[in-house]
Structures are given as C-alpha cells and as structure tokens.
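Okay, structure first, notes after.
A short reminder: the numbers here are calculations on the coordinates, not readings from a lab. This is a predicted model, so every value here is computed, not measured. Virtual Cβ from ideal backbone geometry, glycine too; neighbours counted across all protein chains shown.
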Amino acid sequence: MSAVPLGVIAAVAGAATVFAFSPAGFYPLALLAGALLAHLWRAAPPGKCFLTGFWFGAGFFGVGVSWVYVSMSRFGGMPPPLAAFATAAFCALLALFPAAAGWLQARIPAPPALRACLIIPAAWLLFEWLRSWILTGFPWLSLGYAAVGWTPQGYAPLVGVFGLSLITLSLGGMLWSAFVHRHYALLIVFAAVAAGGEALRHVDWSAPHGAPFSAALLQGNIEQSLKFDPARYERTLETYASLAEGSRARLIVFPETAVPRFLDNVEPDYLRRLAAAARRNKGDLLLGVLTRRGAGREMSEYYNSVISLGVAPVQVYHKQHLVAFGEFVPPGFGWTLQLLHIPYSDFSRGAAGQPLVEALEQRIAVNVCYEDAFGDEIARRLPEATLLVNVSNVAWFGDSLAPGQHLQMARMRALETARMHLTATNSGITAAIDRDGSVSGRLPPFTEGRLEVEARGYSGATPYVVLRDWPAVLFSLLVLAGAILLARRR
C-alpha cells in the first residue's frame, strides 16, 4: 500500500474518531481508533509511523477543533483566508503530538500484542500529557474524554482523563490482537477491564457536606458580536438582573463577563440590586465581571474575574490559566493584535493559590471557561473544595462542536474529583453535573433562561485528587523503559 492511500486512511480515521466525543458521544469509535493505530503502526519504520500519526492527527484535530476558525473569522475579525490558514497551521501543530507518539513506539522493539496493548497506549499518553503543558497547554480532545458516559469512566477517580486515554487505546489494542493475531485470551482481559470500570462506577468516593441547597444557573444568550457593544450594555444588565430576581435559589451563578464592563465602572445601584436579590434568598451570587487595579488606565492590570455578592462577605477570584492569543499575547506575537480584534485580549494572570469562595457553608472552587480543561489544576484545589463552579462564554465558537466538548470535559472534572460541577454559560451549554458525571439538568443552547437545580457539596479525596496525573505518566514511562530494557537483554 502506497504512502498516499495510507495517509488518507489515517486522516479519515482521525476525523471519524471525533464522533467518539460529544455531542455524538459514540465511544466505540475510540476503541476502533486504537485498533486501527495498532494496525497502521505494526512493524512499520519510525518515519512511516510518524507520517501516519501526523495524518491521523490532522484529520482528528482538523475536524475536532474546527471551531477555532469560527472564533478567529466570525468574531475575531480576521480575514477568512487568513483565518483558514491559521486554523490549518494550528491543527498541523497539534498533529505533531500523535505523530511523535507513532515515532516513539516504533523505536521500541516489542511483540505485536505488547505493542498494541501497552507500548502504543503508553507513548500516546506521554505526548497527550505533554500537549497539556507545552505553550501553556491545549488538552482539548484528550482521548479519555470519550469514555464519559461509558463503562470505562469508572476509572476516572483513580487515573484521570490521561489514564482513561491509556485504557481506551489498550482496549482497542486488545481487540486488534484478538481478531488479527488470534490472542483470544485478551478478550477475557478486555471483559475484566470493562467489568472493573462498571464496578467502580458504583463506588462513592466522597461524602455529602452540608445540607442540599437550591442553585440557579443563568444563561443570558447575549450574541458575541453585541456583547461589548455600548448600545447593548443596559439591555444586557437588565436581562441578567431579571433572571436573578426571578429566582429563589440560594446560590445564583452568572456566566463569564456577564457584566461586560470593568467593575469600577459598573453602576453601584446595579450591584446593590444584585446583592439585594441574593440576600432576599438568604444566599449569594457569583458574578462574572472584568476587574482591574493599578495607577491610571494605562498602568492598570486587568483580570477576568468572578465576585461574590450576598450574605457572605464580598470575595474575588481572578482567572489564572489564560488562553493564548484570546486572553494574553505571548512575547513576540504582539503583531497578531493587528489581525485579531478581540476585546480585552491581554489579561493579567490571577495569583496561584487564591482562596476558595466560602458561601452557604460550602467552599467553592470557581474556575473560568478554559480552566476546567486542566484536571490537574482543578484537583489542586481539593480536597478543601466541596463544590466546583465554572463560568464560561463559549459564544466565541458559535454553533460548533466546542460547547458539547466543553460540557464533556466538565463531566470528567466531576468524575475525577467526585464533586458536583455547576457550569453557567452565556449561550450554552449551561448544566448541572452530579459527582458521578451525569447531567442532572441543562438548558438548550442559544436560548435565554435560568436553570434551577438542587445542589450539594461533597467532601473527601479520590485517588486522582491525591496523586493527580503522575501515576498514569509514571506507568507509561515504566512500560516504555521496561520494553527497552527487555529488548536489549534479548
């Protein structure tokens, strides 16, 4: 088979694998991806494995993160041809990670079954994990997310999303080895792993903390092109005030930058109005708003923040993990501001170790939008945190795959931490997620509304909270090192 058809097969397979994730969520496609990679990378030289891995990644990310084009062209003001080129370049950069995994596994001598079931999964995990760190990290579409809602998700409180990536590829390798090399005993191992995952889904990793309480998650559905329009400002404020005042919930959560103005420029009467609504319910609200500090407008540092108003003292959280080019400009890339027209695109980072928000006898770990893509960072705020709250504005990506993928990642954070996760978004998907990863309530996207749910805090620490990603990473390193040593001994 020539290299060109092989590349086409790999690219099509990568594109198809996207449908293993939300919103389609057909997990068996992720298993088939593992089996196909085992087949494409069998006994092939490192260079060829690099190329097939690259084309797989090109199809995978080209479809899976195509929403980057929407944010740059439709809302960022970049000319469509240039936005298409930038999106293709970004996807090509991401494709280098599965390409590198293919090259690495090919450099390690191993029998076919061992390669399919352990070597390939271990190499994939290492480069997937590196992708979550390099250039501030982009862990979107880690393969383990596809397991949410399926039997293997039971392992999430133990090994996190990267461990689930390894398990998924290993299961796919078992299927390939069983049906291609007739290692039928691996089907027993496959069944045992699946049964273990199902059993773990019924383990209570945390205990209730405090009494249940009512929560309201607000979705204003403010179109992104109008969000920062001064002519739309008063109407935006009234939309959210009316949604808040119509609720009797003790915790009311607004989305990210619900008030599209610096806090010191927001009318005090409006803030008092919101605080009064929260106090009437004998509770608190969390408001997404821009804040700043410093001497003078030119010298100010400004933050993407969440503040609390109500019965509890006023508390503030500043977003820590910012999005490159969307919320900060990397050194040497200031020229991109001439191509992208994104309001407030150079935020300051919030300090590490910010205190949790204390309200309703709960300790709330607030995170903003993209931050809940980083399981390790969320886990660092536990076991002290009893509740997770995410505020987002994914209107930047329009009617694309991004909102569904983001909700799936939020479900993974609930599984890893055994905490309820409340997520309020500007245009969807606003949802309440139980500690078992199930969605107990959600609002349709692109609608204005208020999601009223019963929420509860939880205490305790899962193994993942204690050890985070390190067991999965170290296991992969040991597998690869062990295979190398074994090959040298032979």
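In nm, what is the difference between 0.36 nm times the number of residues separating ALA207 and ALA191 and their Cα-Cα distance?
2.8 nm
Give, in nm to one decimal, the length gained when the segment between GLU267 and GLU361 is fully stretched (0.36 nm per residue of separation minus the Cα-Cα distance).
Going from the current span to full extension adds 30.9 nm.
Given the options SER308, LEU96, VAL266, identify the residue whose Cα lies farthest towards the positive end of the charge dipole of the chain (+1 on Cβ of Lys, Arg; -1 on Cβ of Asp, Glu).
With unit charges placed on the Cβ atoms, the residue in question is LEU96.
Under the rule of at least 5 residues apart or a separate chain, name every residue whose amide H is placed under 5 Å from the amide H of GLU256.
When sequence neighbours closer than 5 places are left aside, the close amide H contacts are SER392, ASN393, ASN426.
Quick one: Karplus J couplings for region 46-63, per residue in order, coefficients 6.51, -1.76, 1.60, θ = phi - 60°, nearest Hz, x for Gly and Pro?
Ordered by residue, 3J(HN,Hα) equals x, x, 5, 5, 4, 5, 5, x, 5, 5, 4, x, 4, x, 4, 7, x, 8 Hz.
Starting with the highest mean, order 14-24, 414-424 by the number of other Cβ atoms within 10 Å, averaged over the residues of each peptide.
Ranked by mean Cβ neighbours within 10 Å, highest first: 414-424, 14-24.
Under the Kirkwood approximation for Rh and a Cα-based Rg, what ratio Rg/Rh is obtained for region 406-468?
On the Cα set of region 406-468, Rg over Rh gives 1.02.
Taking a ≥ b ≥ c as the square roots of the Cα gyration tensor eigenvalues, with a/c under 1.5 meaning rounded and otherwise prolate when a/b beats b/c, else oblate, which class fits region 175-300?
The shape class here is prolate.
If we sort 365-375, 400-410 on the protection proxy, mean other Cβ atoms within 10 Å, highest first, what's the order?
Final packing ranking: 365-375, 400-410.
Could you give the length gained by full extension between GLU238 and GLU223, i.e. 0.36 nm per residue of separation minus their alpha carbon distance, to one decimal place?
Taking GLU238 through GLU223 to full extension adds about 3.9 nm, to one decimal.
Consider just the alpha-carbon atoms of region 207-461 and return their Rg together with their Dmax, both in angstrom.
Every Cα atom of region 207-461 included, Rg and Dmax give 17.1, 52 Å.
Determine the calculated [θ] at 222 nm for the chain from helices alone, applying -39500 (n - 2.57) to every DSSP H run no shorter than 4 residues and normalising by the residue count; nearest 500 deg cm²/dmol.
The per-residue figure over the chain is -13500 deg cm²/dmol.
Counting alpha carbon pairs within less than 8 Å and at least 6 residues apart, what relative contact order, in whole percent, applies to the chain?
RCO, the chain: 18 percent.
So which trypsin sites (Lys or Arg not before Pro) in region 218-324 pass both tests, a DSSP loop state and at most 12 other Cβ atoms within 10 Å of the Cβ?
When the trypsin sites (Lys or Arg not before Pro) of region 218-324 are filtered for loop state and at most 12 Cβ neighbours within 10 Å, LYS282 remain.
Note down the nm distance, to one decimal, between modelled labels 7 Å out along Cα→Cβ at VAL8 and at TRP470.
Rounded to a tenth, the inter-label distance reads 4.9 nm.
Normalise the Cα radius of gyration of the chain by 2.2 N^0.38 Å (N = residues in it) and let me know the number.
1.00
Tell me which residues come under 5 Å, amide H to amide H, from GLU358 once H is placed; ignore anything under 5 positions away on its chain.
Those lying under 5 Å, H to H, from GLU358 are ILE364.
With a cut-off of 8 Å between alpha carbons and a minimum separation of six or more residues, what is the relative contact order of region 227-326 in percent?
Relative contact order for region 227-326 comes out at 24 percent.
Quick check: pseudo-label points 7 Å beyond the Cα along Cα→Cβ at SER300 and LEU477, how many nm apart are they?
Calculated label separation equals 4.5 nm.
What number, in percent, do you get for the relative contact order of region 207-461 if the mean sequence gap of Cα pairs under 8 Å and at least 6 apart is divided by its residue count?
24
Give me the dipole magnitude in Debye, nearest 20, for region 155-273 about the Cα centre, with unit charges on the beta carbon: positive for Lys and Arg, negative for Asp and Glu.
Dipole of region 155-273, to the nearest 20 debye: 340 debye.
Taking Cα atoms, how many degrees apart are the long axis of helix 233-245 and the longest axis of the chain, rounded to 10 and kept between 0 and 90?
90
Post the alpha-carbon centroid distance, region 239-304 to region 41-85, in whole angstrom.
Taking the Cα centre of region 41-85 as reference, the centre of region 239-304 is 38 Å away.
What list of ³J(HN,Hα) couplings, whole Hz, do you get for region 163-177 from phi and the Karplus terms 6.51, -1.76, 1.60, once you set θ to phi - 60° and write x for glycine and proline?
Whole-Hz 3J(HN,Hα) from phi for region 163-177: x, 5, 4, 4, 4, 4, 5, 5, 5, x, x, 5, 5, 4, 5.
Taking every pair of Cα atoms in region 1-95, average 1/r, invert it to obtain the Kirkwood radius, and report Rg/Rh to two decimals.
Taking Rg over the Kirkwood Rh, I get 1.05.
Run down the lysines and flag those whose C-alpha is under 24 Å from the C-alpha of LYS227, throwing out any fewer than 8 positions away in its chain.
Straight-line reach from LYS227, under 24 Å: LYS319.
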